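The values are calculated or read from the model by the stated rules, or taken from the named source; none is laboratory data. These numbers come from a predicted model, not from an experiment. Quick reminder, even Gly has a Cβ in these numbers, built from the backbone with ideal geometry, and neighbours come from all protein chains shown. To get the accessible areas, we keep the full protein, side chains included, count just its heavy atoms, and leave off ligands, DNA and RNA. Shrake-Rupley method; radii C 1.70, N 1.55, O 1.52, S 1.80 Å.
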Amino acid sequence: MLGQMMHRPLLIQPMMAYAAAYHGDQELVTRCVEGGIHRYTYRAAYARMGQLANALTRLGVKPHDRIGTVAWNTHRHFELYYAVAGIGAVCHTINPRLFHDQLTYIVNHAADRFLFVDLTFVPILEKLAPHLKGVEAYVILTDGAHMPQTTLHPVLCYEELLAPEDGVCEWPEFDENTAAALCYTSGTTGNPKGALYSHRSTVIHALSIFVGADGRWLTTKDSLLLVVPMFHVSAWGFPFMAPIAGTKLVFPGADYSGQALHELLAAERVTFTAGVPTVWIGLLGYLREHGLKLTTLTRMLCGGTAPPEAMMREFEQEHGVEFIQGWGMTETSPVGSLCVLPPAQAALPDDARYRLKRKQGRAPFGYDMRIVGDDGAILEHDGTAAGELQVRGNWVISGYFRDEAATRAAMDLDGWFRTGDVASIDAQGFMEITDRTKDLIKSGGEWISSIALENSVIGHPDVSEAAAIARPHPKWGERPLLVVVPKAGRTPSKESVLAYLKDKVAPWWLPDDVVVAADLPHTATGKVSKAQLRDRFKDHVLPTA
Ligand code: ADP
């Protein structure tokens, strides 16, 4: 027997319709890329989304078309999130920090029809444009007064595109499983892979995280500084969570310096913020240097990389800010766990409490986690056994966008997603990442591919074999250490290896240290054993650390 309840589709646009109707006067504040501060309300934002939706339709955008954004966190990017998805098209957020060939691949693979670009990124797009075959026009996210001279063609001005349009839009209703947003993850070998979120997955993710956060999340009394970039997994879902909670939203634009963030935190009386550890290290440095305290902030979410314990303690003990660690992935929308302590654990003495807070946390309702041994056995949740973390739930990908090989590699036979993280889970459900099976280094929240580094150095005349591993770094979380084995009778120097790599990889990929070793540990199948290598260098301190 079926239940007899209505079925209303879970769509994204109604989240803003709700905010406009119920929290219409709540503010959205942007530090503009052009300079200055922009303010308006949810009511005004919703009308602009209507104008943008009408403009997109006038441009010929159809349901399921991909619309790319190369943009900072601003009110305009926020408008794109809702207007694009609201007409049934797909908002494809592009990470401008990727390499040029990755960006070209992503835009072409997604078949983006239009690209909405912030002023900062116009020079990058000018270089790539000849290779972006399907892009019909570039829209610069600015007003007429700030339109740049550009070789991009055809080029449109965002504000001029919106100006003639009516803010009233006939928002269509469609299947909740329709694709809403697309985000590529990179860094592993091979091409970037796309996670294609649906309206349903986005709404369920937003709702579920409120429950998982055990009352720490957003309310009408909060002011949220959105530091995590909107080109990174929908800024962890906050652009969808803030409107339904009626929370004030503050967008930092292009300036992520400690000073700029502190100014916004203070001026906008921010109570909640979210971002990766590297940004917070910059902020803490600024606060220390100027003898400043955070007076309005009460909670913060930090994830993307394991945050150092010293940083958690400083925020909590010096500034009275509850520090919440989160774990997630592009493939999981992204939030998979939050480390919020229930009362009994929150009352533990400091050392035991921070021992727990270093863990990545517990899954919210609707998200299943398991750990699997090398032999495929499902392991105990005893806090000791460690295996590959696998997850499933309504906001986890069921496959990669148009990439069957990557999908086959990532999905377990019984439908669980293989995260490539190695973890233990304790009896209370606290998950702790202990290692990684994916061969990557995460620096400042961005991936460096170990394999690409190794392949680049292998042409060096004195190097026969090489392996890159992550080592901890106080500012960047991790930085690469490159271990090279010399060819017989040769002695490669660190300087010559770095000089050799200089024009082959991005400057921020260059290893922080190069060590010459007689050999590398290998597995039975002849591959370099990264686990053994990491163990061999577990006490190695980078000269930059
Ligand atoms: P995000 O944009 O959220 O960083 P990515 O897909 O780029 O998502 O990276 C996901 C990976 O980052 C995870 O599989 C894990 O290796 C790492 N990661 C994310 N959060 C944490 C955390 N809190 N602690 C340790 N590693 C983390």
Revision key, fill the gap. Going through the range 430-488 in order, the residues found to be at pLDDT 90 or above, within 16 Å of the ligand (Cβ to nearest atom) and in a helix (DSSP H, G or I) are none
Check your understanding: List, please: which pairs have Cβ atoms under 9 Å, are six or more places apart or on different chains, and start with a residue in the range 44-62 that is within 10 Å of E79 (Cα to Cα) and end with one that is outside any loop (DSSP other than H, G, I, E, B) and open to solvent by 40 Å² or more (accessible area, probe 1.4 Å)?
Key -> Y46/A21
**Study point:** Within the range 412-422, considering residues that are at pLDDT 95 or above and open to solvent by less than 50 Å² (accessible area, probe 1.4 Å), the one nearest to G383 (Cα to Cα)
**Key:** T419
Study note, to complete from the structure: Taking the range 278-292 and keeping residues open to solvent by 10 Å² or more (accessible area, probe 1.4 Å) and in contact with a strand residue (DSSP E or B) (Cβ under 8 Å, 6 or more places away or on another chain) leaves T278
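Condition check ((1) touching a residue at least 40 places away in the same chain (Cβ under 8 Å); (2) crowded, with 23+ Cβ neighbours inside 10 Å; (3) in contact with a strand residue (DSSP E or B) (Cβ under 9 Å, 6 or more places away or on another chain); (4) of a type in the set (D, E)) across all residues:
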{"residue": "G444", "(1), (2), (3), (4)": "yes, no, yes, no"}
{"residue": "G459", "(1), (2), (3), (4)": "yes, no, no, no"}
{"residue": "R471", "(1), (2), (3), (4)": "yes, no, yes, no"}
{"residue": "V484", "(1), (2), (3), (4)": "no, yes, yes, no"}
Check your understanding: When you go through (1) within 16 Å of the ligand (Cβ to nearest atom); (2) open to solvent by 20 Å² or more (accessible area, probe 1.4 Å); (3) of a type in the set (D, E, K, R) one by one for E331, which number turns out not to apply?
Key -> (2)
Point to revise | Matching residues in the range 218-259 - criterion: being open to solvent by less than 10 Å² (accessible area, probe 1.4 Å), aromatic (F, W, Y) and out of contact with any Ser or Thr (no Cβ under 8 Å at 6 or more places or on another chain) | key: F238
Point to revise | Among (1) more than 15 Å from T434 (Cα to Cα); (2) within 15 Å of the ligand (Cβ to nearest atom); (3) charged (D, E, K, R), the one test that D375 misses | key: (2)
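Results for (1) open to solvent by less than 40 Å² (accessible area, probe 1.4 Å); (2) more than 21 Å from A85 (Cα to Cα); (3) within 16 Å of the ligand (Cβ to nearest atom); (4) of a type in the set (K, R), shown as yes or no for each residue.
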site	(1), (2), (3), (4)
L152	yes, yes, no, no
E159	no, no, no, no
G167	yes, no, no, no
A179	yes, no, no, no
C183	yes, no, yes, no
P192	yes, yes, yes, no
Check your understanding: Taking R358 and the conditions (1) of a type in the set (K, R); (2) within 16 Å of the ligand (Cβ to nearest atom); (3) farther than 29 Å from W447 by Cα, which numbered condition does it fall short on, given that it satisfies the others?
Key -> (3)
Check your understanding: Which residues, taken from the range 300-328, are in contact with an Asp or Glu (Cβ under 9 Å, 6 or more places away or on another chain), open to solvent by less than 30 Å² (accessible area, probe 1.4 Å) and more than 10 Å from the ligand (Cβ to nearest atom)?
Key -> M300, F315, F323
Check your understanding: Conditions: (1) open to solvent by less than 60 Å² (accessible area, probe 1.4 Å); (2) within 22 Å of K530 (Cβ to Cβ); (3) within 14 Å of the ligand (Cβ to nearest atom). L498 meets all but one. Number of the miss?
Key -> (3)
Practice item. Would you please list the contacts, defined by Cβ atoms under 6 Å and residues six or more apart or on different chains, that run from a residue in the range 321-341 that is within 16 Å of V396 (Cα to Cα) to a residue that is in a loop (DSSP other than H, G, I, E, B) and near the ligand (Cβ under 8 Å from one of its atoms)? Key: W327/Q360; G328/P334; S337/Q360
